[in-house]
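S.K.: If you scroll down you'll find the structure; I have some questions about it.
The values are calculated or read from the model by the stated rules, or taken from the named source; none is laboratory data. On a predicted model such as this, the values are computed, not experimentally measured, just so you know. In this analysis, Cβ positions are derived from the backbone assuming ideal geometry, glycine residues included, and neighbour counts consider all displayed protein chains. Note: accessible area is taken over every heavy atom of the protein model, side chains too, but ligands, DNA and RNA are not part of it. Shrake-Rupley method; radii C 1.70, N 1.55, O 1.52, S 1.80 Å.
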Amino acid sequence: MASLALPGSFLDVNKTCHGRYAARNSIIRCNVAEPLMFSKESGRPGMPFQVNGDTSFANLLNANQLRRFPVAHGQNDTRLRIFSGTANPALSQEIASNMGLELGKIMIKRFADGEIYVQLQESVRGCDVYLVQPTCPPANENLMELLIMIDACRRASAKNITAVVPYFGYARADRKTQGRESIAAKLVANLITEAGADRVLACDLHSGQSMGYFDIPVDHVPGQPVILDYLASKTICSDDLVVVSPDVGGVARARAFAKKLSDAPLAIVDKRRHGHNVAEVMNLIGDVRGKVAVMVDDMIDTAGTIAKGAVLLHQEGAREVYACTTHAVFSPPAIERLSSGLFQEVIITNTIPVAEQNYFPQLTILSVANLLGETIWRVHDDCAGGFEPYSSLGID
């Protein structure tokens, strides 16, 4: 009885029997009763083996001549990997859990001088990698961390690298409003592209033209479905609803939101901005008297715009005011303004983590993990998002 072990072989035969191979822990073992035979071609010793009824010679002195067969992956084996940065690990974990996966192992640390170190703790060679990292405050730290994560994956021979950016920082710097200004949104897009990302998955960009700043595919996922589902669960009569845009720039967003709320009427707050993070409300376009006003915006930073808008709505006779936004940046003094009693409820999502000390009674946090997880699966499987209930994903 001869015994042969060939480490690294990829023969895939299921049964162990006389004269056959069996794959077990990447080592192929063969037990045969026949004596060694000699190849007629080379005269070298060989051993007969049978695959699908075909008997051949395995040249023992030249293992490279062995025919190799791919090993079938198990049902739980996948080439999809999800890694989390330090900006929002809770959201990353929830995304992975909803997808039935585990987060990839990664080490991220900062040196004494503030430099960032990233090392992947598992192989990503040939894998479809998704890096979840919003560039929320501190924006520069989280952006640099994302770039280094992308570079680490590229140098580890990942097949595809997708930057999942639930909140895209610098998105408001998308154009020049006066001379000698930078367009930082374009710069950040270039940085992500040059770092090695193959695709970007972003949630509720501040403006649609930001997608054009990238030279790689961008999947823009609106957070509206999550907020709409929550509002639909509340007992608010559709005849009493009015959707309000806090500024002229958000009219298109508010109109799309109103259309999905039983085609509710639309109102617009006209404001004039005299400086960065300073807003002054002028007047209201539309009727809100006796109605429930739902203010819709993509983000709340210092809450100056939306708070002054709420004051105006109450002055115009609105019965209740709700604030709905995807990204809760909550720079001071946002918490004081939002918790002052102007709003019946402030509805946000978890694209940006909110510290527990910033919670207040009117705050409601909804999760976009299922939305992003579904999008990741569709991108990974090369599927489109053109049918319900995910037709609003906008994935082509």
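S.K.: Quick one: is Ala323 at pLDDT 95 or above and not in a loop (DSSP other than H, G, I, E, B)?
M.R.: Yes: the conditions hold for Ala323.
S.K.: Kindly indicate the residue of region 358-367 that is in a loop (DSSP other than H, G, I, E, B) and within 25 Å of the chain's Cα centre (by Cα) and also farthest from Ile227 (Cα to Cα) among those meeting that condition.
M.R.: Tyr359
S.K.: For region 119-146, which positions are assigned to a helix (DSSP H, G or I), acidic (Asp, Glu) and open to solvent by 40 Å² or more (accessible area, probe 1.4 Å)?
M.R.: Hit for region 119-146 is Glu141, nothing else.
S.K.: To continue, here is another question. Of the residues Ala279, Ala318, Ala293, Ala310, which is modelled with pLDDT under 95 and either surrounded by 13 or more Cβ atoms within 10 Å (Cβ to Cβ) or assigned to a strand (DSSP E or B) (or both)?
M.R.: Unique residue meeting the criteria: Ala279.
S.K.: With Thr305, Thr349 as the choices, which residue is polar (S, T, N, Q), within 24 Å of Ser367 (Cβ to Cβ) and buried (at least 21 other Cβ atoms within 10 Å of the Cβ)? Show your work before the answer.
M.R.: Numbers: Thr305 fails: within 24 Å of Ser367 (Cβ to Cβ).
Answer to the selection: Thr349.
S.K.: Residue check: is Ile300 at pLDDT 90 or above, open to solvent by 30 Å² or more (accessible area, probe 1.4 Å) and touching a strand residue (DSSP E or B) at 6+ places or on another chain (Cβ under 7 Å)?
M.R.: Considered against the rule, which asks whether it is at pLDDT 90 or above, open to solvent by 30 Å² or more (accessible area, probe 1.4 Å) and touching a strand residue (DSSP E or B) at 6+ places or on another chain (Cβ under 7 Å), Ile300 comes out as no.
S.K.: Could you tell me which of the residues Ile236, Ile216, Ile183 is among the hydrophobic types (A, V, I, L, M, F, W, C), under 22 Å from Ala323 (Cα atoms) and free of Cβ contacts under 8 Å to residues at least 60 places away in the same chain?
M.R.: Result of the check over Ile236, Ile216, Ile183: Ile236.
S.K.: Something else now. Of everything in region 368-378, what is crowded, with 17+ Cβ neighbours inside 10 Å, among the hydrophobic types (A, V, I, L, M, F, W, C) and part of a helix (DSSP H, G or I)? Give them in sequence order.
M.R.: If the condition is that a residue be crowded, with 17+ Cβ neighbours inside 10 Å, among the hydrophobic types (A, V, I, L, M, F, W, C) and part of a helix (DSSP H, G or I), then Ala369, Leu371, Leu372, Ile376 are the ones that fit.
S.K.: Condition first: touching a Leu at 6+ places or on another chain (Cβ under 9 Å) and in contact (Cβ under 8 Å) with a residue 60 or more places away in the chain. Now tell me which residues in region 295-317 satisfy that.
M.R.: Within region 295-317, Asp298, Ile306, Gly309, Leu313 qualify.
S.K.: Got a number for residues in region 76-98 being assigned to a loop (DSSP other than H, G, I, E, B), more than 12 Å from the chain's Cα centre (by Cα) and at pLDDT 95 or above? Spell out how you get there, then give the answer.
M.R.: Of all residues in region 76-98, those assigned to a loop (DSSP other than H, G, I, E, B) come to 76-79, 85-88.
With more than 12 Å from the chain's Cα centre (by Cα) added as a condition, the list becomes 76-79, 86-87.
Retained after the next criterion (residues that are at pLDDT 95 or above): 86-87.
The total comes to 2.
S.K.: Looking only at residues in region 221-250 that are touching a Lys or Arg at 6+ places or on another chain (Cβ under 6 Å) and assigned to a helix (DSSP H, G or I), which one is surrounded by the fewest Cβ atoms within 10 Å (Cβ to Cβ)?
M.R.: Asp240
S.K.: Something else: Taking region 339-357, which residues are at pLDDT 95 or above and not in a loop (DSSP other than H, G, I, E, B)?
M.R.: Within region 339-357, Glu345, Val346, Ile347, Ile348, Thr349 qualify.
S.K.: Another question, then. Only one residue in Ala258, Ala267, Ala254 is in contact with a Pro (Cβ under 8 Å, 6 or more places away or on another chain), aliphatic (A, V, I, L, M), buried (at least 19 other Cβ atoms within 10 Å of the Cβ) and under 16 Å from Val288 (Cβ atoms), so which one is that?
M.R.: Ala258
S.K.: Also, I was wondering about something else. Which residues, counting only those in region 78-118, are in contact (Cβ under 8 Å) with a residue 40 or more places away in the chain, under 19 Å from Lys159 (Cβ atoms) and open to solvent by 10 Å² or more (accessible area, probe 1.4 Å)?
M.R.: Arg79, Arg81, Met99, Ile106, listed by residue number.
S.K.: Using the structure shown, decide if Ala112 is of a type in the set (A, V, I, L, M, F, W, C) and under 23 Å from Ala369 (Cβ atoms).
M.R.: Here the answer is no, as Ala112 does not meet what is asked.
S.K.: Let me ask something else about it. State yes or no: is Ala163 in a strand (DSSP E or B), open to solvent by less than 60 Å² (accessible area, probe 1.4 Å) and in contact with a His (Cβ under 7 Å, 6 or more places away or on another chain)?
M.R.: no
S.K.: Continuing with the same structure: Mind listing just one residue for me: the one in region 183-220 that is small (Gly, Ala, Ser) and over 23 Å from Ile300 (Cα atoms) and, of those, surrounded by the fewest Cβ atoms within 10 Å (Cβ to Cβ)?
M.R.: Checking each candidate, the answer is Gly212.
S.K.: For Arg68, which of the numbered conditions (1) at pLDDT 95 or above; (2) part of a loop (DSSP other than H, G, I, E, B) fails to hold?
M.R.: Condition (1) is where Arg68 drops out.
S.K.: Which condition from (1) farther than 20 Å from Asn140 by Cα; (2) outside any loop (DSSP other than H, G, I, E, B); (3) of a type in the set (Gly, Ala, Ser) is the one that Ala189 breaks?
M.R.: (1)
S.K.: OK, next. Please verify whether region 327-334 includes one or more residues that are free of Cβ contacts under 8 Å to residues at least 60 places away in the same chain and surrounded by fewer than 19 Cβ atoms within 10 Å (Cβ to Cβ).
M.R.: If we filter region 327-334 for residues that are free of Cβ contacts under 8 Å to residues at least 60 places away in the same chain, which is where we start, we get 328, 330, 332-334.
Remaining after also requiring surrounded by fewer than 19 Cβ atoms within 10 Å (Cβ to Cβ): 332-333.
Yes, there is a match, as at least one residue in region 327-334 is free of Cβ contacts under 8 Å to residues at least 60 places away in the same chain and surrounded by fewer than 19 Cβ atoms within 10 Å (Cβ to Cβ).
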